[in-house]
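Down below is the structure, laid out as structure tokens.
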Amino acid sequence: NFFRSTVAALLDTSPINVLAASEKVSKLHTALTYAERLLLFSESQQFSLLGNQYLSPKTVSVTPTTDFLNSAAVRPVLAGSTVFFSFPRTDFGGISEEQLDSLDAKDITAHIPKYLEGDIKKMAVCSSEDVMAVLTNKTGSARLFIYKFFLDNNNQKTQSAWFTYATGDGDAQIL
């Protein structure tokens, strides 16, 4: 039974149908889980879906959290309490880093706006090594862009660097 038996009663077992209230048109394309909430991404905004101890139509709410460009073609990645998401920048790609506790994003490619050539295709992160790998569509499939960062004991970034890793083999493909 997918529908309510009465319009007067909204039960906890009823299907959850909630809207993301925003002034902008927001077509949600990605969802990530973090610390008992669901992070939802559209091309121009980010949202947070929250519920009480039990998620039901009575307790659910979707609220806008940040307002940054985001590429729908690339899935954002989580690294601890940080989420990385890409955005287009003319003929180059850019990546924003959002600290989920502060709900603010920073462009970590602002100082190298013409480094990530082409559109970003894929991002992968290794939280234990504090490193992210980025693959683009224009640099050939044998080259990775690497973002290495160091977090201190207070979870503050004290150092970060971008560099390129090439396989050296023109026929190799990084999938």
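The values are calculated or read from the model by the stated rules, or taken from the named source; none is laboratory data. Given the structure is predicted, the values throughout are model-derived calculations rather than measurements. Note: ideal-geometry Cβ built from the backbone for every residue, glycine included; neighbour counts use all protein chains shown. Just the protein is used for accessible areas: all its heavy atoms, side chains included, with ligands, DNA and RNA removed. Shrake-Rupley method; radii C 1.70, N 1.55, O 1.52, S 1.80 Å.
For the stretch 73-91, a residue qualifies if it is under 10 Å from the mean Cα position of the chain (by Cα) and in a loop (DSSP other than H, G, I, E, B), and the qualifying residues are Val74, Arg75, Pro76. Scanning the stretch 80-111 for residues that are within 27 Å of Asn154 (Cα to Cα), open to solvent by less than 50 Å² (accessible area, probe 1.4 Å) and modelled with pLDDT of 90 or more turns up Val83, Phe84, Phe85, Ser86, Gly94, Ile95, Ser96, Glu97, Ile108, Thr109. Selection of the stretch 75-94 for residues being under 15 Å from Gln45 (Cα atoms) and not basic (Lys, Arg) yields Pro76, Val83, Phe84, Phe85, Ser86, Phe87, Pro88. Scanning the stretch 161-172 for residues that are over 25 Å from the mean Cα position of the chain (by Cα) and exposed (fewer than 11 other Cβ atoms within 10 Å of the Cβ) yields a count of 4. When restricted to residues that are modelled with pLDDT of 85 or more, more than 19 Å from Phe87 (Cα to Cα) and not hydrophobic (A, V, I, L, M, F, W, C), the stretch 124-142 contains 4.
Scanning the stretch 119-141 for residues that are surrounded by fewer than 15 Cβ atoms within 10 Å (Cβ to Cβ), in a loop (DSSP other than H, G, I, E, B) and not acidic (Asp, Glu) turns up Ser127, Ser128, Asn137, Lys138.
Checked against the criterion of being modelled with pLDDT under 90, of a type in the set (Lys, Arg) and in a strand (DSSP E or B), the stretch 34-52 has at least one qualifying residue. Residue count for the stretch 143-160 under the criterion of being more than 19 Å from Leu100 (Cβ to Cβ), open to solvent by less than 50 Å² (accessible area, probe 1.4 Å) and either modelled with pLDDT under 90 or among the aliphatic types (A, V, I, L, M) (or both): the result is 2.
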